[in-house]
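Chemist: Before we start, here is the structure in question, set down as structure tokens.
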Amino acid sequence: MLSFSKLIVQFRFLVNCTHLPVTRKVISQVSISNNYFYGRNRIMAQKTIMSFFSSAPKKPVKLEQEVIHDEETDSNSDQSSPPANGKEKRSSKRQRLESNSSGSASEEASPPDKRRKSKRLRIESSGSETGPSPKSSPMKVEKSAGPPKTYNSPKSKKPKAKVDLSLLPKKETNKRKSSPTSELKVKEEVTSPTVKSEKAIKKEESVSPDSKKEESVSPVSKTESTDSEKKEDKVVPETEYNPAKSKYHPIRDACWSRGQEVPYLALARTLEAIEGTSARLKMVEILSNFFRSLLALSPEDLLPCVYLCLNQLAPAYHSLELGIAETYLMKAVAQCTGRSLAQIKSAAQKCGDLGSAAQSARATQRTMFAPPPLRCRRVLRALKDVAELTGHASVNKKIAKIQSLFTACRHCEAKYLIRSLEGKLRIGLAEQSVLQALALATATTPPAPGGATVLDASRGLPSDEFKARVDAHALTIKSTYCACPNYDALIPALLQYGVAALPEHCKLTPGVPLKPMLAHPTRGVHEIFNRFENEQFTCEWKYDGERAQIHVPANEDGSAPDLSRAAIFSRNQEDNTSKYPDILRRLPGLLRENVTSCVLDCEAVAYDVAAKKILPFQVLSTRKRKDAREEDIQVQVCVFAFDLLLLNGRSLVAAPLAERRRLLREHCREVEGEWHFATSKDCSTMEEVQQFLDEAVANSCEGLMVKTLTGDHARYDIARRSHNWLKLKKDYLEGVGDTLDVVVIGGYRGRGKRAGAFGGFLLACYEPEQEVYQALCKIGTGFSDEDLQTLSKELEQHVIEAPRNYYSYDRSHEPDAWFSAALVWEVRCADLSLSPAHRAAIGLVDHDKGISLRFPRFVRVRTDKTPEQATSAQQVAAMYLAQDQIKNQAAKPANLDDFY
Ligand code: ATP
């Protein structure tokens with residue numbers, strides 16, 4: 001025993017000198033196992049130590065893991081633990097869950113009686129224990145079959161994800177080849193090995209007395225909670241954290257203790273597990289497991305973690321962006337890892353992902369003095385700091401901050417940190433899935449002030465009852481978020497008051513833009529009558545300008561509107577207030593005396609004041625986009641108000657349009673050339689609609705908006721493209737019904753008179769679930785020569801050396817230049833057809849064919865849409881299926897009435 005203790009001392013010394021994480025881990029394992037060595041063998045310690053010196057990668061093994069399934073097993077194991085202080089006793093209990101890496105040695109350490117009592121689960125190892133990081137255990141995630149992947153989506157590419165092997169030392173190369181996390185194709189989910197690390201013990205010791213106190217006074221309403229609390233000091237090693245584990249326990253399976261700041265590695269491991277699955281339900285479950293641990297142990301970290309999962313720094317309308325060019329990020333990674341910029345660039349190009357390249361580079365680099373581990377809260381704070389840095393030398397300061405974060409990265413942290421800094425996590429996690437995960441987490445582990453006390457509320461509930469509860473939570477959370485899209489308000493209210501009380505505490509608020517209601521396209525007047533057969537509807541002119549959501553808050557005592565805080569938001573919740581000083585100045589003319597606050601839905605349209613005529617959208621688009629000064633404004637606008645969403649502090653979204661319209665007209669005034677109500681008519685025959693459409697077109701409008709007027713369907717469907725609003729555009733009657741907004745991903749060099757510019761382009765739609773741009777068609781018509789010159793010039797700034805790994809296209813369409821997804825163009829087409837080569841909406845209508853546009857023509861640049869707001873694959877499929885010749889086919893379009 002004496003010699004073994006000496007050995008530990010020597011190893012501790014070695015750790016302090018080298019700061020090698022590998023050494024640390026071995027030491028921690030040796031230290032933790034220490035209890036067992038009193039009365040057990042030295043061979044195990046020697047084995048563990050020998051394995052440190054051995055550089056050979058582990059062979060793929062079939063291993064047996066023990067899983068604690070019931071409380072009885074736990075208590076038994078408690079009894080057989082060597083008596084020491086409480087902590088040691090608990091830590092020894094952890095020994096029963098052996099990790100791949102601790103291998104047989106730890107299994108020997110597990111008393112045989114304990115092993116017999118716990119159930120065994122045979123799992124297949126995917127190879128070595130190395131994920132992208134050599135020391136992290138792979139997370140086993142069940143993969144769904146999904147649609148056939150004949151394209152290069154990030155998910156489908158994952159198994160083939162290449163990491164620049166040249167950046168790895170030889171001994172790691174094999175491991176990496178054999179088992180990046182994304183390669184996991186495992187039928188069983190793995191249970192986390194739960195050896196308590198030395199660091200973990202230290203951490204536990206440092207838990208504040210307050211949190212301990214809080215722990216002891218926490219009300220516990222279930223036996224399970226009491227048992228869990230007994231064990232909650234134990235933590236899974238951070239590198240082994242696995243939120244994809246089946247029967248996940250929010251305390252026992254967490255890698256931090258109550259009251260501690262959540263390690264960034266826990267989040268990174270969660271993102272990694274999500275990236276490793278393509279099944280949406282599984283993604284939601286994984287994330288909800290992580291959230292459950294937050295609810296139980298560190299509720300105050302839920303907000304930063306939600307932001308980090310969404311890769312947002314603040315509410316979307318704050319427009320807080322990191323603003324770091326890819327090259328600067330590459331430079332930062334190169335400098336931190338002792339590589340050249342060229343090396344990092346080529347590594348990123350090879351694997352199509354700077355995050356993975358950065359992780360590989362980081363994994364092979366050792367630091368003399370390891371910085372303290374990253375914590376979620378602090379990472380978010382640091383990212384905000386980066387975003388807020390402006391002015392002279394801000395780039396260098398940003399790089400310095402990024403470097404300090406990067407050098408503290410462990411395991412897969414580097415990958416997700418760099419992707420966050422790039423602005424996109426690309427793990428296929430849409431905001432709706434995050435909200436769904438919150439719903440599942442709160443239904444299972446209901447939030448309570450001071451931390452959740454019921455850890456598994458699904459216990460004892462019939463599954464359909466529990467599912468109904470989750471659905472109810474999801475509806476409440478999603479609708480509340482739609483009305484008040486601000487996590488800074490939503491998450492604290494959720495923690496404080498619970499889900500049911502959310503709508504009471506997070507309401508539609510002037511100043512917080514909501515996602516607007518959108519309309520479905522139609523191709524003819526007859527479609528309107530089919531849809532609104534038994535409903536009362538109204539038609540409005542569809543103005544061709546820019547959506548303006550006008551918010552006027554009340555002053556402090558609520559007695560009058562505070563015009564100095566009025567704001568105007570775009571369709572995408574961007575703050576356009578500084579673009580329209582003229583509209584703000586005119587607000588007193590609009591609001592009648594009885595208005596103290598309001599939110600109006602309007603269209604701002606370019607207007608010829610003298611001729612009293614609406615001007616085309618192209619004229620409006622010449623206006624300065626930010627910080628306009630009224631005296632410099634050349635293009636006058638007239639605002640056409642078509643909805644009232646809040647009046648004097650009362651939300652009207654649940655009221656029918658007829659009532660909202662009445663209130664709008666009662667409380668607002670029309671002012672010639674400045675404020676008008678949208679021209680409307682409640683038509684009852686096809687002829688009336690047709691005539692009204694002709695009038696709209698004659699008055700420079702795009703067509704009609706047809707809206708349900710009374711009844712339940714006439715509410716304002718926030719954040720939905722709803723069938724309760726239909727758009728009827730003049731150009732598309734009996735055609736495909738609408739234009740498409742597509743992303744330009746490639747260019748073909750022009751010949752002849754187009755030489756020197758691009759003459760054709762490769763266009764893509766967006767698949768939000770997999771976060772892929774799917775090639776939709778090539779386009780070469782609809783452009784004037786001048787268009788081509790300007791567009792080519794703009795696109796040259798977005799040229800990239802290779803296609804992104806989230807572009808899905810056929811090699812036969814390979815363009816001369818690839819572009820980063822930046823520009824959105826509106827295009828129209830004769831019709832849509834199935835295509836064996838194009839990838840748009842692949843799997844949605846046909847198993848392995850995509851959809852492409854026939855005779856596409858360029859209409860205009862959509863500066864108001866981001867690439868992710870382009871026409872989605874689901875919309876393309878719906879448009880294809882809505883064509884008369886296709887309509888009778890069995891397949892049905894996706895339900896697009898859901899939240900977008
Ligand atoms: P979408 O917003 O549906 O994705 P889009 O941005 O291409 O598509 P359109 O399909 O051209 O826009 O039409 C919808 C837009 O029409 C609304 O977002 C709004 O800005 C504008 N609009 C004009 N008049 C009205 C009206 N009377 N009612 C509602 N919206 C109107």
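The values are calculated or read from the model by the stated rules, or taken from the named source; none is laboratory data. Owing to the predicted nature of the structure, the values given are computational and were not obtained by experimental measurement. Cβ atoms come from the backbone with ideal geometry, glycine included; neighbour counts cover every protein chain shown.
Chemist: Quick one: in the range 816-838, which of the residues that are over 29 Å from Ala325 (Cβ atoms) and part of a loop (DSSP other than H, G, I, E, B) is nearest to the ligand (Cβ to nearest atom)?
Modeler: Applying the filter and picking the extreme gives Cys829.
Chemist: Could you tell me which residue of the range 671-694 is farthest from Cys506 (Cα to Cα), considering only residues that are assigned to a loop (DSSP other than H, G, I, E, B) and within 15 Å of the ligand (Cβ to nearest atom)?
Modeler: Restricting attention to the range 671-694, the residues satisfying the condition of being assigned to a loop (DSSP other than H, G, I, E, B) are 672-674, 678-679, 682-685.
Filter once more, keeping what is within 15 Å of the ligand (Cβ to nearest atom): 678-679, 682-683.
Working: Ala678: 30, Thr679: 33, Asp682: 35, Cys683: 38 Å.
The extreme case among them is Cys683.
Chemist: With respect to Lys778, determine if the residue is within 16 Å of the ligand (Cβ to nearest atom) and charged (D, E, K, R). Show your work before the answer.
Modeler: Details: within 16 Å of the ligand (Cβ to nearest atom): no; charged (D, E, K, R): yes.
When the stated conditions are applied, Lys778 does not pass them.
Chemist: Same structure, new question: When you go through Glu238, Glu275, Glu232 one by one, which is the residue that is at pLDDT below 90, in contact with a Lys or Arg (Cβ under 9 Å, 6 or more places away or on another chain) and closer than 23 Å to Arg377 by Cβ? Steps first, please.
Modeler: Values: Glu238 fails: at pLDDT below 90; Glu275 fails: at pLDDT below 90.
Going through Glu238, Glu275, Glu232 in turn, the sole match is Glu232.
Chemist: Next up: For the range 803-860, name all the residues that are touching a residue at least 12 places away in the same chain (Cβ under 8 Å) and of a type in the set (Lys, Arg).
Modeler: Arg804, Arg828, Arg839, Lys849, Arg854, Arg857, Arg860
Chemist: Considering Leu421, Leu461, Leu490, Leu495, which residue is of a type outside the set (Ser, Thr, Tyr) and under 21 Å from Met283 (Cβ atoms)?
Modeler: On the way: Leu421 fails: under 21 Å from Met283 (Cβ atoms); Leu461 fails: under 21 Å from Met283 (Cβ atoms); Leu495 fails: under 21 Å from Met283 (Cβ atoms).
Among Leu421, Leu461, Leu490, Leu495, only Leu490 is of a type outside the set (Ser, Thr, Tyr) and under 21 Å from Met283 (Cβ atoms).
Chemist: Only one of (1) buried (at least 18 other Cβ atoms within 10 Å of the Cβ); (2) out of contact with any Asp or Glu (no Cβ under 8 Å at 6 or more places or on another chain); (3) closer than 18 Å to Ile550 by Cα fails for Leu600. Which number is that?
Modeler: Checking Leu600 against (1) buried (at least 18 other Cβ atoms within 10 Å of the Cβ); (2) out of contact with any Asp or Glu (no Cβ under 8 Å at 6 or more places or on another chain); (3) closer than 18 Å to Ile550 by Cα, the one that fails is (2).
Chemist: Which count do you get for residues in the range 840-866 that are basic (Lys, Arg) and away from the ligand (no atom under 13 Å from the Cβ)?
Modeler: From the range 840-866, those basic (Lys, Arg) are 849, 854, 857, 860, 862, 865; that's our starting set.
So of that shortlist, the ones also away from the ligand (no atom under 13 Å from the Cβ) come out as 849, 854, 857.
The qualifying residues number 3.
Chemist: Can you work out which of the residues in the range 404-426 that are polar (S, T, N, Q) and crowded, with 16+ Cβ neighbours inside 10 Å is nearest to Asn311 (Cα to Cα)? Before you say what the answer is, go through the steps one by one.
Modeler: Taking the range 404-426 and keeping what is polar (S, T, N, Q), we get 404, 407, 420.
Still in the running and crowded, with 16+ Cβ neighbours inside 10 Å: 407, 420.
Working: Thr407: 20, Ser420: 6 Å.
The qualifying residue nearest to Asn311 (Cα to Cα) is Ser420.
Chemist: What pairs come up if the first residue lies in the range 519-541 and is in the same structural domain as Glu695 (by TED's automatic domain parsing) and over 10 Å from Leu728 (Cα atoms), the second is away from the ligand (no atom under 15 Å from the Cβ) and polar (S, T, N, Q), and their beta carbons are under 8 Å apart, counting only those six or more places apart or on different chains?
Modeler: Here the result reads Glu535/Thr710; Gln536/Thr710, each pair linking the range 519-541 to a residue that is away from the ligand (no atom under 15 Å from the Cβ) and polar (S, T, N, Q).
Chemist: Filter the range 686-717 for residues that are among the polar types (S, T, N, Q) and free of Cβ contacts under 8 Å to residues at least 40 places away in the same chain and give the result. Walk me through it before giving the result.
Modeler: The initial filter retains those residues of the range 686-717 that are among the polar types (S, T, N, Q), namely 690-691, 699-700, 708, 710.
Within the range 686-717, just Gln691 meets the criteria.
Chemist: I need the helices (runs of 4 or more DSSP H) fully contained in the range 332-396, keeping only those with at least 2 residues that are over 28 Å from the mean Cα position of the chain (by Cα) and surrounded by 13 or more Cβ atoms within 10 Å (Cβ to Cβ). Step through it out loud before you land on a result.
Modeler: Values: elements: 341-351, 354-363, 376-388.
Qualifying helices (runs of 4 or more DSSP H): 341-351.
Chemist: Taking the range 590-646 as the search range and keeping residues that are among the acidic types (Asp, Glu) and within 21 Å of Glu670 (Cβ to Cβ), which one is farthest from the ligand (Cβ to nearest atom)?
Modeler: Initial filter on the range 590-646 (among the acidic types (Asp, Glu)): 593, 601, 603, 608, 627, 630-632, 643.
Still in the running and within 21 Å of Glu670 (Cβ to Cβ): 593, 601, 603, 608, 643.
Numbers: Glu593: 27, Asp601: 7, Glu603: 4, Asp608: 18, Asp643: 7 Å.
Top of the filtered list is Glu593.
Chemist: In addition: Suppose the filter is in the same structural domain as Gln618 (by TED's automatic domain parsing), away from the ligand (no atom under 15 Å from the Cβ) and within 29 Å of Leu302 (Cβ to Cβ); does His551 pass it? Show your work before the answer.
Modeler: Numbers: in the same structural domain as Gln618 (by TED's automatic domain parsing): yes; away from the ligand (no atom under 15 Å from the Cβ): yes; within 29 Å of Leu302 (Cβ to Cβ): yes.
So His551 fits the description; yes.
Chemist: Within the range 704-722, which residues are modelled with pLDDT of 95 or more, near the ligand (Cβ under 10 Å from one of its atoms) and not β-branched (Val, Ile, Thr)?
Modeler: Once the filter is applied, which keeps residues that are modelled with pLDDT of 95 or more, near the ligand (Cβ under 10 Å from one of its atoms) and not β-branched (Val, Ile, Thr), the range 704-722 yields Leu704, Met705, Lys707.
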